[in-house]
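What follows is one structure encoded as structure tokens, with my remarks underneath.
What follows is calculated from the coordinates using simple rules that are stated; it is not laboratory data. Worth saying up front: this structure is predicted, and the values here are computed from it rather than measured. As a convention, Cβ positions derive from the backbone with ideal geometry for all residues, glycine included, and neighbour counts pool all protein chains shown.
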Amino acid sequence: MNTVLSALIHPRANAEFFEAYETNIPFVVHGPSETIKDLTSLPFLESLEALLNSWPNQIQAHLPDVRDEASSIDTTPKDAKKLFDNGMGLLFKNVNTISPVLAHWLLELRRDLGLSALTNARSSIYVTPKGSGTAPHFDQNINFVLQISGSKKWWIAPNEHVANPMTRHTMGQPCDPELESYLDAPMPTSMPEDISPIVLKAGSLLFVPRGSWHSTEAESDALSLNFTFTAPTWIDLFTAALRGRLAQSSQWRETADGVSDFSRCAQAEHKFDFLLAGLIDDLPNWRASDILGATETD
């Protein structure tokens, strides 16, 4: 079956990929391959100069104190080259908005993965100077990295501290309060010493599982193209459907008065309990097929 996914991971099979995908294991293919020439031949990917000359938006530069998106500034294409020459990595966001080719690959890859239509899908370009990289972190995203030029080392480790995180976290930085509420173990302060690097060269493709710890370092000036998917969880699908359902009720749309007033709090709680009782009576009538029929519209 010829799909965008099969083109991206050629010559390996889709079944191999999904085995890794479903068990949160990194997946690597070393190229280059003719099946991805539509991507590798994009004119603005020829060099940093070509990219800067065609880029219409702001660029994110990663400051050297953390070497991460958690510490960054926005800059213009004119100034980005100076920052790059001073050792700062550059991030070009939402490249799919200026490239029909990338928009097509992004849409079809999202469908091949079976992800919800509510997924936040985007393509990004990372340009990293030699010796620079990213600090250890994990993402709530599903991420594919296609190395276009240069060479970059990746270190990837299983996340034994939290399963299925819904928030990005950089090692050593403050933890998001919601993320902290469901940690399985305290956050580490360093990557494991026994993990071997994965070296990406031009044409290499890496799948980075959601939630995996990873850090990078460029062996030479390196440019990579990412396909990133922030997919909704079951929580997101349910709450989206719940809001749509409750919005049909004028009683649920009432202002939540009295909730912080001691003299009226009991009355507010009584009203809320009444609404919740109605929801409990309604829930047995809900079906997954009805919810997915409303959210999966493409």
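General remarks:
- Over region 72-145 - Rg/Rh using Cα atoms and the Kirkwood inverse-distance radius: 1.03
- Comparing L200, L237, L146 in a Gaussian network model of the chain where C-alpha atoms under 10 Å apart are linked, the largest mean-square fluctuation is found at L237.
- C-alpha center-to-center spacing [region 211-228, region 1-22] in angstrom: 20
- In this Cβ point-charge picture (+1 for Lys and Arg, -1 for Asp and Glu), the chain has a dipole of about 740 debye about its Cα centre.
- A cut-off under 15 angstrom between Cβ atoms defines the neighbours of A15, and their net charge, with Lys, Arg +1 and Asp, Glu -1, is -3.
- Using equal-weight Cα scatterers in the Debye expression, the normalised intensity of region 197-262 in log10 at q = 0.16, 0.17, 0.24, 0.25 Å⁻¹ is -0.76, -0.81, -1.14, -1.17.
- Per residue, the average separation of C-alpha pairs within less than 8 Å and at least 6 apart gives the chain a relative contact order of 22 percent.
- Unit charges on C-beta of K, R, D, E only; dipole of region 44-103, Debye: 100
- Remark: region 237-295 projects, on average over all directions, an area of 4.4 nm² (convex hull of Cα atoms).
- Helices meeting the span-like rule in the chain (full DSSP H runs, Cα extent of at least 15 Å along the helix axis, mean Kyte-Doolittle score of 0.0 or higher): 100-113, 234-246, 265-282.
- Surface/4 of the Cα convex hull for region 22-70, nm²: 6.4
- Modelled label positions at D79 and F238, each set 7 Å beyond Cα in the direction of Cβ, lie 4.6 nm from each other.
- Computed log₁₀ I(q)/I(0) - Debye formula, equal Cα scatterers, no solvent, the chain, q 0.07, 0.09, 0.14, 0.16 Å⁻¹: -0.35, -0.55, -1.09, -1.32
- Rg/Rh for region 116-248, where both radii come from Cα atoms and Rh is the Kirkwood radius: 1.04
- Peptide packing: for 164-173, 69-78, the average count of neighbouring Cβ atoms within 10 Å per residue gives the ranking 164-173, 69-78, highest mean first.
- In region 4-232, taking the dipole from charged Cβ atoms about the Cα centre, the farthest positive-side position among N120, Y182, L225 is held by L225.
- Label-point separation, D257 to D194 (7 Å along Cα→Cβ), nm: 6.4
- Taken about its Cα centre, region 154-298 carries a charge dipole of roughly 380 debye when the Cβ of each Lys and Arg holds +1 and the Cβ of each Asp and Glu holds -1.
- Charge tally around R168: other residues with Cβ under 10 Å, Lys/Arg +1 each, Asp/Glu -1 each, net -4.
- Neighbour counts of C-beta atoms inside 10 Å place I235, I142 in the sequence I235, I142, starting with the fewest.
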